[in-house]
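Engineer: Okay, here's the structure, questions in a sec.
The values are calculated or read from the model by the stated rules, or taken from the named source; none is laboratory data. Keep in mind the model is a prediction, meaning the values are calculated, not measured. When we count neighbours, we look across all protein chains shown, and the Cβ atoms used for this are built from the backbone with ideal geometry, even at glycine.
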Amino acid sequence: MHRRHLLHLALAGLTLPWAIAAATPKVMHARAWDDGEKLRLVFDMSGPAKYQIFSLKAPERLVVDLADTATAADLNELSAGNRLLSAIRSGPQAGGTRIVLDLKQPARVESFLLGPNGSEGHRLVVDLRDMALAPQGIVEPQRATTAGQRDVVVVIDAGHGGKDPGALGGNGEQEKVVALAIARLLAQKLNRQRGFKAQLVRNQDVFVPLRKRVEVARRHNADLFISVHADAAPRRSASGASVFALSENGATSTTARWMAERENSADLLGARELLSLKNRDPVLAGVLLDMSLNATISTSLGLGKTVLDNVGKVAGVHQKRVEQAGFAVLKSPVIPSILVETGFISNPADCRKLCDPLHQKRVAQAIFDGLQKHFLASPPTGTYLASQKGGSLS
């Protein structure tokens, strides 16, 4: 059984309330919230479900068909005061339930199923984004999703942003620009590959506090958090790519310690924003935390080595091993997390390459190749990749 699933069971007190599901799953509750970037609808289910989702024009509608499912929830209030929804209705349809969302304007749609996690049960999540604000070049075609065959979720963090430019090159080149370009390219590649789903922490030039970046990974139940950078070093001669994982007991080198301190200090720029987040980290007690963190770091190191081997072929390597340090952005106890330094923007030769769109594509491809290799070999339980690997072994 997958390690993260075992941990979730332990954190839930080893109870399995979802295991005794009714014969016909029901939509028990529905909720909605708008974070300014997207409207998220969450349908809480009494058990696993199969669904299909599609759009209709004139007028704009979104149709969600849930197979062999009933509804016990009042959905009418979801559209109240909403900028994207004018109405929502549901009813029986061919042995299941059909939910129709009347849209005020065209919207980009993303949807996925989530299984039980802690106090949460089965959920269907539907995200709606204003087409005028939707990210360019990262549209994923909609496809029917079957319970037990979810996508591997990769949250990609483009380092720095907004008032924090990151490291600077000799002619004023900015790390935040390079990091975002490579992060976008990586997201495109993942979203084009069946079995993967990418989510960008930022898709524009905005400042995001470090702890909020980790919150994005938790909110999306990520299987991997990867932070993309192009840092500076005390020595201008330093060059090549590096990959970092979290360390519990100090940095593995002086450079790793220096980099971690430099990256972590960026959060001082957003101290006011952090005040509202400081109490939101989950509290994991004693041995569970130790077990989880040790296993997560171990997974991160293995995955990081696979990524480093691939990126090194394109950008060269600064260190042949995955380094470890106390990067704040990597501190999630249950989500494998790595930080990829794609090169040193402080090195003139590296800087020229990092600002070259063709080199950026090669780096993104190399990172993708490393991620794909890892997840094909060790797919998370309940994913499409796991079902494919299981089928190949049967």
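Engineer: List, please: which pairs have Cβ atoms under 7 Å, are six or more places apart or on different chains, and start with a residue in region 224-248 that is without any contact (Cβ under 8 Å) to a residue 60 or more places away in the chain and closer than 26 Å to N171 by Cα and end with one that is of a type in the set (D, E, K, R) and in a loop (DSSP other than H, G, I, E, B)?
Structural biologist: Close Cβ pairs (under 7 Å, with a partner that is of a type in the set (D, E, K, R) and in a loop (DSSP other than H, G, I, E, B)) do not exist here.
Engineer: Any idea which residue in region 124-170 is modelled with the lowest pLDDT, counting only those that are assigned to a loop (DSSP other than H, G, I, E, B) and under 24 Å from S46 (Cβ atoms)?
Structural biologist: Ranking the candidates gives A144 first.
Engineer: Let me ask another. Inside region 355-373, can you point out the residues that are more than 13 Å from A315 (Cβ to Cβ) and crowded, with 21+ Cβ neighbours inside 10 Å?
Structural biologist: F368, L371
Engineer: Starting from region 335-353, take each residue that is more than 13 Å from H229 (Cα to Cα) and list its partners that are among the aromatic types (F, W, Y) and not in a loop (DSSP other than H, G, I, E, B), counting only C-beta distances under 7 angstrom and pairs at least six apart or across chains.
Structural biologist: As it stands, the answer is I335/F225; S337/F225, since those pairs meet every condition given.
Engineer: Same structure, new question: Within region 48-65, identify whether any single residue is modelled with pLDDT of 85 or more, assigned to a loop (DSSP other than H, G, I, E, B), of a type outside the set (K, R) and more than 25 Å from E37 (Cβ to Cβ), and answer yes or no.
Structural biologist: Within region 48-65 (the criterion being modelled with pLDDT of 85 or more, assigned to a loop (DSSP other than H, G, I, E, B), of a type outside the set (K, R) and more than 25 Å from E37 (Cβ to Cβ)), the answer is yes, since at least one residue qualifies.
Engineer: Another question, then. For the structure I just gave you, tell me whether M259 is among the hydrophobic types (A, V, I, L, M, F, W, C) and either modelled with pLDDT of 85 or more or crowded, with 18+ Cβ neighbours inside 10 Å (or both).
Structural biologist: yes
Engineer: Failed condition for A349, given (1) modelled with pLDDT of 90 or more; (2) exposed (fewer than 15 other Cβ atoms within 10 Å of the Cβ); (3) touching a Lys or Arg at 6+ places or on another chain (Cβ under 9 Å), with all others met?
Structural biologist: That leaves (3) as the condition not met.
Engineer: Here is a follow-up. Any idea how many residues of region 219-243 are more than 8 Å from the chain's Cα centre (by Cα) and either outside the structural domain of G343 (by TED's automatic domain parsing) or charged (D, E, K, R) (or both)?
Structural biologist: Residues meeting the conditions: 4.
This table checks each residue for (1) farther than 17 Å from A183 by Cα; (2) touching a strand residue (DSSP E or B) at 6+ places or on another chain (Cβ under 9 Å).
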{"position": "N203", "(1), (2)": "no, yes"}
{"position": "V214", "(1), (2)": "no, yes"}
{"position": "S237", "(1), (2)": "yes, no"}
{"position": "G240", "(1), (2)": "yes, yes"}
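Engineer: I've got another one for you. Which residues, taken from region 312-325, are surrounded by fewer than 18 Cβ atoms within 10 Å (Cβ to Cβ) and either at pLDDT below 80 or more than 14 Å from I367 (Cα to Cα) (or both)? Before the answer, list the steps.
Structural biologist: Restricting attention to region 312-325, the residues satisfying the condition of being surrounded by fewer than 18 Cβ atoms within 10 Å (Cβ to Cβ) are 313, 316-317, 320-321.
Matches in region 312-325: K320, R321.
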